[in-house]
Amino acid sequence: MSTSEKMVNVVQGEYHISADPDCVMSTVLGSCAAVCLTDPSQKIGGMNHFLLPHRAGRAGEDVRYGAYSMELLINGLLKHGARKNRMVAKLFGGAKMLTQLRDIGDSNVAFAREFLQNEGIPIASESTGGNSARRIRFWPSDGRVKQFIVPGAVDQVAPPAPPPAAAVGEIVLF
């Protein structure tokens, strides 16, 4: 990260939008999912981080759930001049972090894919599934994403430890 870059951490249940070319959004994902959306013509983008696709048995507005989080992200971009027909998505997360439980990560990814397809927003690239956490860095003004695989054991009961200083398995997605 250069000295002029401004890091914005997007934690569980949040989203952020920016057109600042110095903005870098970052998040760490296990079974959660994050969608990075960009309108390349407007040089604006945003990222969300949701825990579950829908709120079970209840309607409601809660950004921790994909249905509401995706609406906020798309509508926020539209309010800032983006157009849906120019948006491009990149999808991350959905790891199976606990083998003894149902695959929440797979549900999150399936939801995001279906939602984006229904909205007519293409997925340019994705890195989903597996059993390792990911740290994502996203430059919203141009849509670049770097992914770092966070090594760790599956079947942890406690939340994963913070990512190590030196990331393993860096991937750059254009």
Go through region 20-41 and give me each residue that's more than 11 Å from the chain's Cα centre (by Cα), over 21 Å from PHE111 (Cβ atoms) and touching a residue at least 40 places away in the same chain (Cβ under 8 Å).
-> ASP20, PRO21, CYS23, VAL24, ASP39, PRO40, SER41
Could you figure out which of (1) at pLDDT 95 or above; (2) in a loop (DSSP other than H, G, I, E, B); (3) out of contact with any helix residue (DSSP H, G or I) (no Cβ under 8 Å at 6 or more places or on another chain) isn't true of ILE121?
-> (3)
Got a sec? Which of ALA89, ALA82, ALA59, ALA95 is modelled with pLDDT of 80 or more, hydrophobic (A, V, I, L, M, F, W, C) and farther than 19 Å from THR27 by Cα?
-> ALA82
Does GLY46 meet the test of being modelled with pLDDT of 95 or more and either within 16 Å of the chain's Cα centre (by Cα) or not in a helix (DSSP H, G or I) (or both)?
-> yes
Report the residue count in region 4-29 for those that are out of contact with any Lys or Arg (no Cβ under 8 Å at 6 or more places or on another chain), in a loop (DSSP other than H, G, I, E, B) and buried (at least 17 other Cβ atoms within 10 Å of the Cβ).
-> 1
Within region 104-140, residues without any contact (Cβ under 8 Å) to a residue 12 or more places away in the chain and within 20 Å of ARG64 (Cα to Cα) come out as GLU114
Hey, GLY66 hits all of (1) modelled with pLDDT under 95; (2) crowded, with 20+ Cβ neighbours inside 10 Å; (3) more than 22 Å from SER127 (Cβ to Cβ); (4) of a type outside the set (S, T, N, Q) but one; which does it fall short on?
-> (3)
ASP39 being at pLDDT 95 or above and buried (at least 18 other Cβ atoms within 10 Å of the Cβ) = yes
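The values are calculated or read from the model by the stated rules, or taken from the named source; none is laboratory data. Keep in mind the model is a prediction, meaning the values are calculated, not measured. Here the Cβ is made from the backbone with ideal geometry for all residues, glycine too, and neighbour counts use every protein chain on show.
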